[in-house]
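S.K.: Next up is a structure, given as structure tokens.
Every number in this text was worked out from the coordinates using simple rules, so none of it is lab data. Everything numeric in this text was worked out from a predicted model, so none of it was measured. All Cβ positions, glycine included, derive from the backbone under ideal geometry; neighbour counts span all protein chains shown.
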Amino acid sequence: MMLRSICRYHRQLGQVIWPFSFPQGQHVPSLSTHLQKARYASATTERKKFYENVSISQGEGGLYEINLDKRKLKTPGGKLFTVPNEALAIAVATEWDVQKDTLKFYTMHFTTLCNTALDNPTQRTKEQIISAALKFLETDTICYRVEEPPDLVELQRNEWDPVMNWIEQRYNIVIGSSTSIMGPQIPEETKETFRQHLNSYNFWSLTGLEYVITQLKSLVLSFGLIDRHLSVEQAVLLSRLEEEYQIQQWGNVEWVHDYDMYELQSRTAAGAMFVHLSSESTAVKRKILQD
């Protein structure tokens with residue numbers, strides 16, 4: 001009942017906004033990585049708009065490119081900006097098209113995630129991304145339970161247990177939960193099942209999925225979201241269940257909590273949509289971008 005009342009409260013505050021900050025990967029200490037990080041740091045600042053029209057074109061190998069007037073978009077690392085399908089190209093082009101006098105790069109979710117996939121600034125392999133994602137299972141948000149107060153214990157049980165039951169049945173695995181600071185002992189069979197599942201994603205989709213996992217601090221909730229078992233709003237609220245409980249008990253700083261909530265929703269939604277768009281293989285009807 002408490003979570004449903006929290007959901008109703010947030011729905012009354014309006015529609016979700018989309019700004020988010022660039023996700024940080026694991027650091028590989030080399031000169032090239034330092035240079036890449038410097039380029040990416042500069043890419044997150046604002047800049048005066050330098051183009052009028054945005055268009056999409058199909059280049060070599062069937063990849064899609066973004067054109068700003070007559071100039072082709074490039075990544076912070078200097079590569080030609082290409083995406084694997086038209087749906088994702090339209091999403092990126094729309095981000096550039098809706099910018100006003102100043103380019104706010106921190107609002108351009110799909111562009112940033114595409115840059116990450118294209119440049120791979122920390123030079124990670126697919127296997128390394130999968131291993132990093134699996135580490136979140138050992139500290140998964142919904143695996144850690146409190147022993148008191150009783151109403152929070154009940155809230156966690158009522159809201160988290162159904163998701164845990166769903167994922168254990170969905171993947172035929174065992175995860176469990178614990179009140180110990182050490183967390184539950186995750187069976188190796190469970191880790192291997194998830195490893196195989198993650199390996200079914202392409203590099204681009206894994207980039208988006210890892211970003212979602214870091215936002216929710218939960219592999220379980222991220223799978224629930226990507227599998228459409230949970231909505232973005234539900235996944236975010238479940239990831240912040242204890243915080244929302246405390247706010248219900250003690251109140252919150254005016255507007256700050258709401259902004260943080262919508263910011264997290266927007267980052268999570270962007271990552272989830274990127275996973276699905278980067279997995280899209282069918283062509284969509286070409287759209288003409290207009291002012």
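S.K.: Counting only residues 5 or more places away or on other chains, whose amide H sits under 5 Å from the amide H of Leu103 once H atoms are built in the peptide plane?
M.R.: Sorted by chain and number, the residues that satisfy this are Arg47, Lys48, Lys49.
S.K.: Length gain on complete extension for the stretch Glu60 to Thr193, per 0.36 nm per residue less the alpha carbon to alpha carbon distance? Present the calculation step by step, with values, prior to reporting the outcome.
M.R.: Working: separation 133, 0.36 × 133 = 47.88 nm, distance 3.67 nm.
Full extension from Glu60 to Thr193 adds 44.2 nm.
S.K.: Whole-Hz Karplus ³J(HN,Hα) for segment 115-129, in order, using 6.51 cos²θ - 1.76 cosθ + 1.60 and θ = phi - 60°, x for Gly and Pro?
M.R.: Working through the residues one at a time gives 4, 4, 5, 6, 7, 6, x, 9, 6, 8, 8, 4, 5, 5, 5 Hz.
S.K.: Select from segment 72-166 those GluC sites (Glu not before Pro) which occupy a DSSP coil region and have at most 13 other Cβ atoms within 10 Å, ordered by residue number.
M.R.: Numbers: sites: Glu86, Glu95, Glu127, Glu138, Glu147, Glu154, Glu159; in loops: Glu147.
Passing sites in segment 72-166 are Glu147.
S.K.: Now a separate question. About its Cα centre, what dipole magnitude does segment 186-278 give when the only charges are +1 on Lys and Arg Cβ and -1 on Asp and Glu Cβ, stated in debye to the nearest 20? Each step should come with its number before you reach the end.
M.R.: Working: 6 positive and 13 negative charges, 69 e Å.
Dipole magnitude for segment 186-278 comes out near 320 debye.
S.K.: Can you figure out the FRET efficiency of Gln169 with Glu147, using R₀ = 35 Å and their beta-carbon distance, to the nearest 0.05? Could you put the intermediate results ahead of the total?
M.R.: Working: r = 27 Å, r/R0 = 0.76.
Efficiency, rounded to the nearest 0.05: 0.85.
S.K.: Counting Lys and Arg as +1 and Asp and Glu as -1, each charge on the Cβ, what is the dipole of segment 54-111 about the Cα centre in debye, to the nearest 20?
M.R.: Details: 7 positive and 7 negative charges, 47 e Å.
Dipole about the Cα centre, nearest 20: 220 debye.
S.K.: Ok, one more. Step through the residues of segment 229-238 one at a time and calculate ³J(HN,Hα) from phi using the Karplus curve (6.51 cos²θ - 1.76 cosθ + 1.60, θ = phi - 60°), rounding each to whole Hz and writing x for Gly and Pro.
M.R.: 7, 10, 7, 4, 4, 5, 4, 5, 4, 5
S.K.: In addition: Taking a 30 Å limit on the Cα-Cα distance, which of the listed pairs Lys79/Lys100; Lys49/Lys217; Lys104/Lys217; Lys74/Lys126; Lys70/Lys104; Lys72/Lys104 fall beyond it? Display every interim value, and only then the final one.
M.R.: Numbers: Lys79/Lys100 25 Å; Lys49/Lys217 35 Å; Lys104/Lys217 26 Å; Lys74/Lys126 23 Å; Lys70/Lys104 21 Å; Lys72/Lys104 19 Å.
Beyond 30 Å: Lys49/Lys217.
S.K.: Are there trypsin sites (Lys or Arg not before Pro) in segment 168-276 that DSSP marks as loop and that have at most 14 other Cβ atoms within 10 Å, and which are they?
M.R.: Arg228
S.K.: Sticking with this one: From the square roots a ≥ b ≥ c of the eigenvalues of the alpha-carbon gyration tensor of segment 108-159, which class results: rounded (a/c under 1.5), prolate (a/b over b/c), or oblate?
M.R.: Working: a/c = 5.28, a/b = 2.44, b/c = 2.17.
Cα axes put segment 108-159 in the prolate bin.
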